[in-house]
Amino acid sequence: MLTYLIFVLVGLVALVLVVPGVAAQRQRNRARIAALEQLGFRPCLDQKDWLEETITCIENNRGFRYEVRNPKRLAGEPTVYYYIKVRHGDVHRETLPVSEEEILFLLKRPASGGLVLAVKPSSLAPGIATRLLGAIATGPWDAQPDDLRRIELPPDLKNTNLMGALGPPGASLYDLVDSTTLSVVQGLGDAGGLLVRFRDTWCSVASASDQIPFRLDEIVARIRPLARRQE
């Protein structure tokens, strides 16, 4: 009888924890769909394969496969895409799929090499915690691009919203991205864009955390001046 009661209590606790989480996720999904429609994003399923190829190139990681779900394109110009990116491990590794909301757009840069920037919200003050987060975000994980390594942040960017960077070994950050773009990138964390990836003429902004809302309207407003520079 005692064992039965324990199972019942465990089930009730799980129900209490899971149901609000499911409800919150549904609410976020509804809000996301409404925001996409209001901003003018339209489905573009015909570009799903091309988006997966482009993302695979940006990520440049042979150990993972990337799937695009619910792709949408912003009506008119500039060229901006939204989708859910799902990262799958290969057949030799047992890893759970990881999903991120992501925005993709064209961008002019001084170099075509790969670059990954980890940023934080302004509400998170610089300190030991942010340095630790930056070290973790740019650590030698298997999900990082094969050709990039942690690079040093310039002194003028320390204690800012930029927590860390990955780039070609020996590269300087200002050789890979200009100060105007960096200024915009530092504000993306406040809108939930915590990981910014560059390669060739493409830039992607990803959510990376379910705990921080991915505010599409703010992100699109922030990147528009950069995307328009391609026109």
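The values are calculated or read from the model by the stated rules, or taken from the named source; none is laboratory data. None of these values were measured; they are calculated from a predicted model. Cβ placement follows ideal geometry from the backbone for every residue including glycine, while neighbour counts extend to all protein chains displayed.
Taking the condition crowded, with 16+ Cβ neighbours inside 10 Å and within 14 Å of VAL116 (Cα to Cα), does SER207 pass?
yes
Tell me, yes or no, whether the stretch 33-41 has at least one residue that is under 22 Å from the mean Cα position of the chain (by Cα) and either modelled with pLDDT of 95 or more or of a type in the set (Phe, Trp, Tyr) (or both). First the steps, then the outcome.
Step one: list which residues in the stretch 33-41 are under 22 Å from the mean Cα position of the chain (by Cα), which gives 33-41.
Now restrict to residues that are either modelled with pLDDT of 95 or more or of a type in the set (Phe, Trp, Tyr) (or both): 41.
Taking every residue of the stretch 33-41 in turn, at least one turns out to be under 22 Å from the mean Cα position of the chain (by Cα) and either modelled with pLDDT of 95 or more or of a type in the set (Phe, Trp, Tyr) (or both).
So, in the stretch 50-107, exactly how many residues are more than 25 Å from THR180 (Cα to Cα) and among the hydroxyl-bearing types (Ser, Thr, Tyr)?
Qualifying residue count, the stretch 50-107: 5.
Is there any pair linking a residue in the stretch 30-52 that is more than 18 Å from ILE223 (Cα to Cα) to one that is surrounded by fewer than 11 Cβ atoms within 10 Å (Cβ to Cβ), with Cβ under 6 Å and at least six apart or on different chains, and which?
Partner pairs satisfying both residue conditions: ARG42/ALA75.
Under the condition of being over 25 Å from SER123 (Cα atoms), exposed (fewer than 15 other Cβ atoms within 10 Å of the Cβ) and out of contact with any Lys or Arg (no Cβ under 6 Å at 6 or more places or on another chain), which residue from the stretch 159-172 is modelled with the highest pLDDT?
Of everything passing the filter in the stretch 159-172, SER172 is modelled with the highest pLDDT.
Test ASP156 against the stated conditions and say whether it is exposed (fewer than 15 other Cβ atoms within 10 Å of the Cβ) and in contact (Cβ under 8 Å) with a residue 40 or more places away in the chain.
No.
Filter the stretch 48-63 down to the residues that are surrounded by fewer than 17 Cβ atoms within 10 Å (Cβ to Cβ) and over 16 Å from VAL116 (Cα atoms) and list them by number. Spell out how you get there, then give the answer.
The initial filter retains those residues of the stretch 48-63 that are surrounded by fewer than 17 Cβ atoms within 10 Å (Cβ to Cβ), namely 48-50, 53, 56-57, 60, 62-63.
Scanning the stretch 48-63 gives LYS48, ASP49, TRP50, GLU53, ARG62, GLY63.
Which residue, of GLY139, GLY189, GLY193, GLY167, is closer than 26 Å to PRO97 by Cβ, in contact with a helix residue (DSSP H, G or I) (Cβ under 7 Å, 6 or more places away or on another chain) and of a type in the set (Gly, Ala, Ser)?
Step by step, each of GLY139, GLY189, GLY193, GLY167 is checked, and only GLY193 is closer than 26 Å to PRO97 by Cβ, in contact with a helix residue (DSSP H, G or I) (Cβ under 7 Å, 6 or more places away or on another chain) and of a type in the set (Gly, Ala, Ser).
Got a sec? Which of ARG224, ARG150 is farther than 30 Å from PRO78 by Cα and surrounded by fewer than 22 Cβ atoms within 10 Å (Cβ to Cβ)? Give the steps one after another, and end with the answer.
Details: ARG224 fails: farther than 30 Å from PRO78 by Cα.
The conditions single out ARG150.
If I filter the stretch 88-97 for residues that are closer than 28 Å to ASP217 by Cα and modelled with pLDDT under 95, do I get at least one hit?
The answer is yes, given that some residue of the stretch 88-97 is closer than 28 Å to ASP217 by Cα and modelled with pLDDT under 95.
Quick one: ASP175 ticks every box in (1) at pLDDT 90 or above; (2) of a type outside the set (A, V, I, L, M, F, W, C); (3) in contact with a Leu (Cβ under 9 Å, 6 or more places away or on another chain) bar one, so which box is it?
Just one mismatch for ASP175, condition (3).
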